[in-house]
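Working notes, structure below.
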Amino acid sequence: MKHRARRVRMPVSPFMKIPRAAFVLRSFAFVVLVVASAAIFFLMPPVPTIAVIQAITEFVSYDVVVPDLAQLRLAGYALTYEAPAESSLLMKSASSPTAKKPLCLTGLLTPNVGAHVSYKRLETGPIVVVIERKDDKPAATFALTSGDAPPGLQKAAWIRLETPTSDDDKAACPGKASVRLPIYGPTRIGTPLRPESAGDESSSGVLIEGTVDLYAKTVELSHLREGANKIYPTSVTQMDIPPGAELSEYVEPGASPTPWAGFIKPDTDLALDVRITTPASRIQILRPGIGIKPETLATSLFAQLTNDPVVLSLQVAAVFLFSILQAASSWVVAREAQVVAEQGAPGSPLPPQTPDKREPAGTEPPAARTVREETSEKTEAGG
């Protein structure tokens, strides 16, 4: 007995029932959504940030990168120096050629590139400025208008300037000292807490208090120039710096540090008042304590997505395009359904019918033919 294979009707996918135009529109909407998401999470550049730092601290230091922006006026400052072979640690209290009788000079001191400049003031004491180099090369050059500079000063790798900050203290050198001093270079604010030394000066310079205001730059796009070089406040508008912490830039291995720009001046109550602006993308905060790792402050991608006006405009454009494509797709589907409904309504012209493929007259129906064949086979088997 021969069995005929049944034809299994496969279910039709809902997508195949959608008109081609609607399918294309929905595909484009999906592509727009995927491309926008990929651009946000994989192609978005790092957020360029600007940090405005205000702090009261006993110690600030920076590395000189542009000598002209680190110049100091010598009037009113008592100058001491050390020969290259004698220079060593920062703020050391050791004998020097001018320890007993400091030099009183007038003019400009210009630190050389690579020099390390530090400012220090304890409580209401004098401002101490130290310019030094660790490679024993000259730390600075001089342009004097009065006074004689010894030959050793031009080669000194360690130079110290000091001036009182109180009118009651008698200055060692005549002239009014400039107490608003520049900062331009990679900067460090405060020092980690350390044991006190037995010398005349403290071995640490504590950051007493401070705040960080964090801003970010808009994404710079060549076709959206009106949005370039604009800044906006991030989710971290202001953060208090932990007292006793050390503030610096977090630098990736192999990367170059970013110059900070600002100035210091004596605070009316104690220590130094620091005002600095930095474009560093990550600020490193080392809180006081044993075994504490540095923490970084930066603008996150979420803050950029929710605050950057250019990125918000791109998101609105992507959502608008997605909505338009989805609405157009829905309209095509609704229009197709309306046409089908109108064709099947009473009184509407019927669609052309496909002629039935009937068997010729006198032809035995397939069902009867099958029964007859089965009966014949049984008869032959019984005979």
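Can you list the HN-Hα couplings for region 266-283, worked out from phi with the Karplus curve (6.51, -1.76, 1.60; θ = phi - 60°), rounded to whole Hz and with x for Gly and Pro?
Rounded to whole hertz, the list is x, 6, 5, 9, 6, 6, 10, 9, 10, 10, 9, 10, 9, x, 4, 6, 10, 9.
Testing the spin-label approximation: label points 7 Å from Cα along Cα→Cβ at residue 106 and residue 27. State their distance in nm.
8.5 nm
Add +1 for every Lys or Arg and -1 for every Asp or Glu among the other residues with Cβ under 11 Å from the Cβ of residue 113, and state the total.
Net of charged neighbours comes to 0.
Rounded to the nearest 0.05, what FRET efficiency do residue 154 and residue 252 have when you use their Cβ-Cβ distance and R0 = 51 Å?
0.85
Would you mind checking which residues have amide H under 5 Å from residue 216's amide H? H placed 1.01 Å from N; only 5 or more apart, or other chain.
Amide H neighbours of residue 216: 50, 232, 234.
Spin-label point model (7 Å from Cα, Cβ direction): what's the residue 232 to residue 144 distance in nm?
Each label point is offset 7 Å from its Cα along the Cβ direction, giving 5.6 nm.
Per-residue counts of other Cβ atoms within 10 Å, averaged by peptide: what ranking do you get for 262-271, 141-150, 55-64, highest first?
By packing density, highest mean first, the sequence is 55-64, 262-271, 141-150.
Given points 7 Å out from each Cα along the Cα-Cβ axis, report the residue 336 to residue 211 separation in nanometres with one decimal.
Between residue 336 and residue 211, the simple spin-label model gives 6.1 nm.
Output wanted: per-residue J couplings in Hz (rounded whole) for region 320-331, from phi through Karplus 6.51 cos²θ - 1.76 cosθ + 1.60, θ = phi - 60°, x for Gly and Pro.
5, 5, 4, 5, 5, 5, 5, 5, 5, 5, 5, 5
Readers should treat all values here as calculations from the given coordinates under stated rules, not as data from a laboratory. Model, not experiment: these values are computed from the prediction. Neighbour counts run over all protein chains shown; Cβ positions are idealised from the backbone, glycine included.
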